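Input: a single structure, listed below in structure tokens.
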Amino acid sequence: MDKVAAIKQKMWENDHFSQWLGLDIQELDATGYCKLQYTVRKDMLNGFGTIQGGALFSAADTAFAFACNVAGDVTVALDVSISFLKPAHEGDVLTVEARKMHQGRKTGLYEVKTFNAKNELISFFKGTCYVTGKSILDTEDDKN
């Protein structure tokens, strides 16, 4: 198994919330890119019958996490924001793409865009991350 696949597997096996959301990570590569998809479910809707902002945020945050951790160092969010641009409805298939915009020695900047099946921009998420210097794959669990 290559390093990217090992990192994806290690992160995914413990990410019970993203699994519960029904996220499907379709692409992950060492350039700091992650693409995932999910279908809007009834239990993701707000009182107006559109996707609740927290669901959009959570999916974008997951794409951000995988994109900024793909190098193999445990990386955490420092600052994030999201703009909700268009509603999504039950049954809509949403695609989320996270891309590295800048990587310094300890911090990185990422943009995460969510699109519907018509390629309309649903939300725009910006995230700044901090690289801890700890290895994702070199943990106590792996040494036992």
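The values are calculated or read from the model by the stated rules, or taken from the named source; none is laboratory data. Note that the structure is a prediction, hence the values are computed from the model and not measured. Backbone-built Cβ (ideal geometry, glycine too); neighbour counts: all protein chains shown. To get the accessible areas, we keep the full protein, side chains included, count just its heavy atoms, and leave off ligands, DNA and RNA. Shrake-Rupley method; radii C 1.70, N 1.55, O 1.52, S 1.80 Å.
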Can you find a residue in segment 53-60 that is aromatic (Phe, Trp, Tyr) and either on the phi > 0 side of the Ramachandran plot or open to solvent by less than 10 Å² (accessible area, probe 1.4 Å) (or both)?
no
Give me the residue from segment 69-101 that is under 27 Å from ASP138 (Cβ atoms) and among the β-branched types (Val, Ile, Thr) and, out of that set, farthest from the chain's Cα centre (by Cα).
VAL74
The lone exception for PHE115 - which of (1) within 15 Å of the chain's Cα centre (by Cα); (2) loosely packed, with under 13 Cβ neighbours inside 10 Å; (3) among the hydrophobic types (A, V, I, L, M, F, W, C) it fails:
(2)
When the residues of segment 70-106 are narrowed to those that are surrounded by 15 or more Cβ atoms within 10 Å (Cβ to Cβ) and among the hydroxyl-bearing types (Ser, Thr, Tyr), which ends up farthest from SER135 (Cα to Cα)?
THR95
Kindly establish whether LEU36 is part of a strand (DSSP E or B), farther than 20 Å from LYS134 by Cα, open to solvent by less than 50 Å² (accessible area, probe 1.4 Å) and without any contact (Cβ under 8 Å) to a residue 60 or more places away in the chain.
no
Of (1) touching a residue at least 40 places away in the same chain (Cβ under 8 Å); (2) surrounded by 12 or more Cβ atoms within 10 Å (Cβ to Cβ); (3) within 20 Å of LEU21 (Cα to Cα); (4) out of contact with any helix residue (DSSP H, G or I) (no Cβ under 8 Å at 6 or more places or on another chain), ILE122 satisfies every one except (4)
Among residues of segment 12-28 being farther than 15 Å from ASP92 by Cβ and in contact with a strand residue (DSSP E or B) (Cβ under 9 Å, 6 or more places away or on another chain), the residue surrounded by the fewest Cβ atoms within 10 Å (Cβ to Cβ) is GLU27
